[in-house]
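A.B. asks: I have a structure I would like to understand better, so I am pasting it below and will then ask my questions one at a time.
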Amino acid sequence: MNALSKVQIGQVQTVAQLQTQDITIRRKLMALGITPGSSLVLEQRFPSYVVKVGYTRAALDREIAASIFVR
Amino acid sequence: MNCHQCQKNCYSIKQKHSWWTRLTKKYRKEPLLAIDGNIALVGTPNVGKSVLFNRLTGNYVTVSNYPGTTVEVSRGIAKIKDYQIRVIDTPGMYSLVPISEEEQVSRDLLLEESLDMVIHVVDAKNLGRMLPLTFQLMEAGLTVILAINMIDEAEQLGLKVEPDALKIELGIPVVVMSAALNRGVRELKQTILQLLSFQPEPDSANVEMVR
Amino acid sequence: MTNPIIYPEPIEQAIASLENWLQSIGEQNILRHYSLSPRSLALLLLQKDPTIWQTLKQDDKQQQEVEVLLTVAENQLQYPVDLAIAESREKHARNLAGITIQTTQPAANSTQEILHRLSVNPITGFPILMVILYFGVYKFVGEFGAGELVDRIEGFFEGQINPIVNQIVAQILPWQPLQDLIGNDYGIITLGIRYATAIVLPVVATYFLMFSLLEDSGYLPRMSLMLDRLFKSIGLSGRAVIPMVLGLGCDTMATMVTRTLETKRERLIATFLLSLAVPCAAQWGVILGLLAQKPAALMVWGGLIVAIFLFVGYLSAKFFPGTSGAFYLEIPPLRLPKLGNILTKTWIRMKWYFWEILPLFIWASVLIWLGKLTGLFDLIIRGIEPFAVAIGMPPDTAPIFLYGFFRRDYGAAGLFDIQQQGGLTGNQLVVAAVVLTLFLPCIAQLQIMIKEQGLKTTAIMVAFIVPFAFLIGYCVNLFLNVLGVTL
Ligand SMILES: Nc1nc2c(ncn2[C@@H]2O[C@H](COP(=O)(O)OP(=O)(O)O)[C@@H](O)[C@H]2O)c(=O)[nH]1
Ligand SMILES: [Mg+2]
């Protein structure tokens, strides 16, 4: 299991887990389609994280991105 | 930024409507019912609800290409054949459990208003992500039409949408459309009338339309 | 309607028992008035929906009963209930999407995609942002709107309309004060309507046009993403970028749009910064037009306002407890703006703005007229004069600060007028521009602030802003003088 800050940019990853105590962050991520089992591609980390889930693209700040762990 | 406009809009619509019904009741042979239905457009932000609202009602609410354009409810009247149907445009919502204030606005509407029907507008490109809300609307006991919008963009990306199996699986009407290009809006209107049982089933409906 | 989803057994059991419970208490059920099915209510309770739970709290007994049922379900699942519910839904959704959507060809790397990459890549993205600001804001709104258009329409007023009005008024109205109400220096037509249509409207119209283009192309969310980190340091998040950019058009509209921000703190800071350091289009447009011939003066004014924006933001982030809202934003595809929508939107906003200011400008003319008639105007002006002099302005600029009280754009228009008559040095122009930029928000904005933040908060903000504006003006003047700079 890898933190999003460690993975390579541009490769398909499978979300393993959302590690956060904050229920609203979990809801936000789920609303964007980022749930355990879904696949995503990390596109960039600076100035904000940008991920693509299917045809959806989303910007996340570091704190939210830190709760995503991929396989 | 819609708020001012919207409040003004809503107000003038109400005014216009009572004036209009009074007029029509007096002078029309076939009386139009005041309001034949009350429907809401719901769905994730930025899927085209406001464009569809503008198409259905002819009123303008702000359309922009980013989530969070619409922060308040606006109401308008759609005239479909001889029926007058109240259409409500809502801020975006991701699920029935709201996260932000705009979502709360939409959810409260669903909780408190008596709606004859909701049209769940989704983005064809992201159907999988948006269907969970369809399920929740159905579970809530609402009459739901699923409007798969932005079909033009999906096609450009090489996606093909075959809604038949989905219709059967869900057991609700599914319309494939592009609000921006005015594709499928007629089918949607027809489906609305059918579901409000103002029109017989599809086959004879076409005959009606021609007449 | 049939159930679209069957959840895992423990959840279905919990739903069933909650449904039974809802039925059993019948009329006493305090959730009764919600127009949702029992199954849906049960699911919302299981997901700990805040509103529904709040309602339930009104009845201790019912709340306890629900809690017992919930605990049973949670123990059986050994897994957060809301996650389990979401997962069942998503799995089913994925299956259904799979049978509905067929991929016929892999998506090619389109122009859209390339443009997106360029706009969010830090190396190319920030320069692109600068280019957009330079052409969209400086060239189009500043030079074309506030320069070209204002000069022409204003010239038309001064050359054609005002003389005619003055002449007609002089002939049909026998009484001098009555002539002054309609025409001459402070008349409803020669001042109020002229300010609204000749000075403010062209600037606002060009800005709204440009803003609509940005909105419809989908550039704004990309701008949010680029600026999130910067905004975090002033207690806001990338989400606040959109209201701030809108505020550069009209702060009143922008104050309403702060609703899209998540935390109370963020809304408070955004509202405060909007009222202090974000000039509206009419204001900065006119100022840009005035300072355009003096690049150094323009830099001082612009740099100072940006610095105050950042510094005051930084301080308020320290001062107000709490953290910035988390930033997450869906980034829509870049789309080719539709001309029809751009024009309609610009037109509607312009119309709204115009009808918002016109009555106020007319009222201002009437009030000034009344004030002049009763001598009150001169009294107030004399009260303001010392302040104007203290910040290095000639005494006859005092009226523009009074105008500023009516509306920010009105004050800017007044400044424009004085400068047309050739009155100010570069230094004075900068000081006046700075003070007027920071000065009071307009009446419409105050109303919205009171509505959104309450009277007390608004009053505190205003009590800070007015002296602060003059203080900064004083400092700038002092500084320029001490350093011996002439702009
Ligand atoms: N290509 C395409 N764009 C659309 C369609 N419907 C809406 N849009 C665009 O999607 C964006 C969001 O539309 P809007 O109605 O504001 O979405 P809302 O947030 O759901 O109300 C706008 O830029 C529209 O022009 C469509 O069917 N096809
Ligand atoms: Mg909308």
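The values are calculated or read from the model by the stated rules, or taken from the named source; none is laboratory data. Bear in mind the structure is a predicted one, so any value in this text is a computation, not a measurement. Glycine gets a Cβ as well: all are built from the backbone with ideal geometry, and neighbour counts include every protein chain shown. The accessibility values were calculated without ligands, DNA or RNA, using every heavy atom of the protein model including side chains. Shrake-Rupley method; radii C 1.70, N 1.55, O 1.52, S 1.80 Å.
A.B. asks: So what are the three principal axis dimensions of the stretch C:159-208 from its Cα atoms, in whole Å, longest to shortest?
C.D. replies: 43, 18, 12
A.B. asks: Now for a separate question. Amide H neighbours of residue B:143 under 5 Å, at least 5 residues apart or on other chains, H built in the peptide plane: list them.
C.D. replies: Under 5 Å from the amide H of residue B:143: B:118.
A.B. asks: Could you check the spin-label model distance between residue B:155 and residue C:389? Points 7 Å from the Cα along Cα→Cβ, value in nm.
C.D. replies: Result for the modelled spin labels: 7.5 nm.
A.B. asks: What angle do you read, to the nearest 10 degrees and between 0 and 90, between the alpha-carbon axis of helix C:60-77 and the longest principal axis of chain C?
C.D. replies: Approximately 70 degrees, to the nearest ten.
A.B. asks: Once you have all Cα-Cα distances for the stretch C:9-100, histogram them in 10 Å bins from zero and send the whole-percent values.
C.D. replies: Spelled out per bin, shortest first, that is 16, 47, 26, 9, 2.
A.B. asks: State the antiparallel share, in %, of DSSP beta bridges confined to the protein assembly as shown, rounding to the nearest 5.
C.D. replies: If we restrict to bridges inside the protein assembly as shown, about 60 percent are antiparallel.
A.B. asks: In a Gaussian network model over chain A where Cα atoms closer than 10 Å are linked, find which of A:16, A:58, A:31 has the largest mean-square fluctuation.
C.D. replies: A:31
A.B. asks: Using the reciprocal of the averaged 1/r over all distinct C-alpha pairs, how large is the Kirkwood radius of chain C in Å?
C.D. replies: For chain C, the Kirkwood estimate is 26.4 Å.
A.B. asks: Evaluate peptide C:35-45: per residue, the Cβ atoms of other protein chains within 10 Å of its Cβ; return the mean as an integer.
C.D. replies: Shielding by partners across C:35-45 averages 5.
A.B. asks: At 1.4 Å probe size, with every protein chain present, just tell me what the per residue accessible area of the stretch B:32-209 comes to in Å².
C.D. replies: 31
A.B. asks: Could you size up the charge dipole of the protein assembly as shown around its Cα centre, putting +1 on the beta carbon of Lys and Arg and -1 on that of Asp and Glu, and report it in debye to the nearest 20?
C.D. replies: The dipole of the protein assembly as shown has a size of about 680 debye.
A.B. asks: Over its Cα atoms, what ratio of radius of gyration to 2.2 N^0.38 Å does the stretch B:32-209 give?
C.D. replies: Relative to the 2.2 N^0.38 Å estimate, the stretch B:32-209 comes out at 0.97.
A.B. asks: Please compute the Kirkwood hydrodynamic radius over the stretch C:256-411, one decimal place, Å, based on all pairs of different Cα atoms.
C.D. replies: 19.4
A.B. asks: Same structure, new question: In deg cm²/dmol and to the nearest 500, what is the mean residue ellipticity at 222 nm of chain A if only DSSP H runs of at least 4 residues count, each as -39500 (n - 2.57), divided by the residue total?
C.D. replies: Per the formula, -4500 deg cm²/dmol.
A.B. asks: Okay, moving on. Under 5 Å between amide hydrogens, which residues at least 5 positions from residue B:184 or on another chain qualify, with H placed 1.01 Å from N in the peptide plane?
C.D. replies: For residue B:184, the qualifying residues are B:178.
A.B. asks: Please give the FRET efficiency for residue A:21 paired with residue B:186, using the beta carbon to beta carbon distance and R0 = 56 Å, rounded to the nearest 0.05.
C.D. replies: The formula returns an efficiency of 0.65 here.
A.B. asks: In Å, what Kirkwood hydrodynamic radius results for the protein assembly as shown from the alpha-carbon pair distances?
C.D. replies: 28.8
A.B. asks: Which angle from 0 to 90°, rounded to the nearest 10, does the C-alpha axis of helix C:162-172 make with the longest principal axis of chain C?
C.D. replies: Approximately 70 degrees, to the nearest ten.
A.B. asks: What order, most packed first, do the peptides C:434-445, C:457-468 have when packing is the mean number of other Cβ atoms within 10 Å of each residue?
C.D. replies: C:434-445, C:457-468
A.B. asks: So, one more: To the nearest 0.05, what FRET efficiency results for residue C:63 and residue C:156 with a Förster distance of 56 Å applied to their C-beta separation?
C.D. replies: With R0 = 56 Å, the Cβ-Cβ based efficiency is 0.20.
A.B. asks: What do you get for the angle between helix C:295-319 and the principal long axis of chain C? Use alpha-carbon atoms, 0 to 90 degrees, nearest ten.
C.D. replies: It works out to around 40 degrees.
A.B. asks: To continue, here is another question. Cα centroids of the stretch C:1-39 and the stretch B:139-166: how far apart, whole angstrom?
C.D. replies: Each part reduced to its Cα centre gives a spacing of 29 Å.
A.B. asks: Could you give the length gained by full extension between residue C:113 and residue C:185, i.e. 0.36 nm per residue of separation minus their alpha carbon distance, to one decimal place?
C.D. replies: Difference between extended and current length: 20.3 nm.
A.B. asks: Sum -39500 (n - 2.57) across every DSSP H segment of at least 4 residues in chain C, then divide by the residue count to get the 222 nm mean residue ellipticity, nearest 500.
C.D. replies: Calculated at 222 nm, the ellipticity per residue is -22500 deg cm²/dmol.
A.B. asks: Please list, or write none, the aspartates and glutamates whose alpha carbon is within less than 14 Å of the alpha carbon of residue C:338, excluding same-chain residues fewer than 8 places away.
C.D. replies: The reachable aspartates and glutamates, counting only those whose Cα sits under 14 Å from residue C:338, are C:215, C:216.
A.B. asks: I'd like the FRET efficiency for residue C:264 and residue C:366, computed as 1/(1 + (r/R0)^6) with the beta carbon distance as r and R0 of 41 Å, rounded to 0.05.
C.D. replies: Plugging the Cβ-Cβ distance into 1/(1 + (r/R0)^6) gives 0.55.
A.B. asks: Another one. A 30 angstrom limit on the alpha carbon distance is what I want to check against. Which of A:52/C:232; A:28/C:351; A:6/B:49; C:139/C:264; A:28/C:232 exceed it?
C.D. replies: Long pairs (Cα-Cα over 30 Å): A:28/C:351; A:6/B:49; C:139/C:264.
A.B. asks: Exactly which trypsin sites (Lys or Arg not before Pro) in the stretch C:387-453 are in a DSSP loop and have at most 10 other Cβ atoms within 10 Å?
C.D. replies: Here no loop site has a sparse enough neighbourhood.
A.B. asks: Which whole-number percentage describes the relative contact order of chain C, with Cα contacts under 8 Å and a sequence gap of 6 or more?
C.D. replies: 14
A.B. asks: So what is the diffusion coefficient of the stretch C:100-232 in µm² per second by Stokes-Einstein at 10 °C and 1.306 mPa s, using a Kirkwood Rh over Cα pairs?
C.D. replies: Once the numbers are plugged in, D ends up at 84 µm²/s.
A.B. asks: With a cut-off of 8 Å between alpha carbons and a minimum separation of six or more residues, what is the relative contact order of the stretch A:2-70 in percent?
C.D. replies: Once divided by the residue count of the stretch A:2-70, the mean separation gives 42 percent.
A.B. asks: With a 1.4 Å probe and every protein chain left in place, tell me how much accessible area residue C:21 has, in Å² to the nearest 10.
C.D. replies: 20
A.B. asks: Expressed in nm to one decimal, what extension gain is obtained for the pair residue C:51 and residue C:164 from 0.36 nm per residue of sequence separation less their Cα-Cα distance?
C.D. replies: 34.3 nm
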